[in-house]
Amino acid sequence: MTNEITYAIQDYYPADLAHCYGCGKNNEQGLKLRTGWSQEQTLTIYTPRPEHTAIPGFVYGGLLASLIDCHGTGSASLALHRKNGHEPEDGAESPRFVTASLEVKYIKPTPQNTPLKAFGTVNEVHPKKFNVNVEVYANEEVVATGLVVAAKMPDSFGG
């Protein structure tokens, strides 16, 4: 189901900065979360694996936090990329963000074996900082919400 996003910003992260456990395309054991546009919101779709279990039948909350975190930084990257006149499908190298803060609220237990859809709304608060409000859905119900403050990755992080 993760293939529903044709053009994801993470596909265009610089190779030396694409190792994140959550969204890095170069992390073999990682989640490989992918974030793209869905109308004017951002979207990440992920189906939890069996090892993401909290108790039988329900997803571990840390996975939801990771989903919100990487969706937030990916959403900020999409927003800045668009502001700079690009879309993921044009192949231009995308900007990278790091998490300045992460707030997660668990609304209800999240069922296992169900695709999760994270939708984000991005607001620029500074030329190098974005707030991303995230809602995570399972079976059309909100199971978690979050606020990610994403900061443009400093050049010193590059390899």
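Here are the numbers for this structure:
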| quantity | calculated |
| --- | --- |
| Qualifying residue in region 110-119 (condition: out of contact with any strand residue (DSSP E or B) (no Cβ under 9 Å at 6 or more places or on another chain) and more than 15 Å from Gly74 (Cα to Cα)) | yes |
| Checking Val134 against (1) closer than 14 Å to Thr42 by Cβ; (2) aliphatic (A, V, I, L, M); (3) more than 14 Å from the chain's Cα centre (by Cα), the condition it does not meet | (3) |
| Condition met for Arg49 (of a type outside the set (A, V, I, L, M, F, W, C), out of contact with any strand residue (DSSP E or B) (no Cβ under 6 Å at 6 or more places or on another chain) and closer than 21 Å to Lys83 by Cβ) | no |
| Qualifying residue in region 92-101 (condition: of a type in the set (S, T, N, Q), in contact (Cβ under 8 Å) with a residue 24 or more places away in the chain and over 20 Å from Gln10 (Cβ atoms)) | yes |
| In region 86-142, residue surrounded by the fewest Cβ atoms within 10 Å (Cβ to Cβ) [restricted to those that are at pLDDT below 95 and hydrophobic (A, V, I, L, M, F, W, C)] | Val125 |
| Matching option when the condition is free of Cβ contacts under 8 Å to residues at least 12 places away in the same chain, farther than 23 Å from Ser156 by Cβ, assigned to a loop (DSSP other than H, G, I, E, B) and not aliphatic (A, V, I, L, M), among Gly62, Gly85 | Gly85 |
| Boolean, Ala150 is touching an Asp or Glu at 6+ places or on another chain (Cβ under 8 Å) and crowded, with 16+ Cβ neighbours inside 10 Å | no |
| Residues satisfying the stated conditions in region 25-59, i.e. crowded, with 21+ Cβ neighbours inside 10 Å, in a loop (DSSP other than H, G, I, E, B) and more than 10 Å from the chain's Cα centre (by Cα) | Leu31, Pro48 |
| Residue count, region 2-24 (criterion: touching a residue at least 24 places away in the same chain (Cβ under 8 Å), in a loop (DSSP other than H, G, I, E, B) and surrounded by fewer than 21 Cβ atoms within 10 Å (Cβ to Cβ)) | 4 |
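The values are calculated or read from the model by the stated rules, or taken from the named source; none is laboratory data. Only a predicted model underlies this, so the values are computations on that prediction, with no experimental measurement involved. Heads up, the Cβs are rebuilt from the backbone with ideal geometry, glycines too, and the neighbour counts pull from every protein chain shown.
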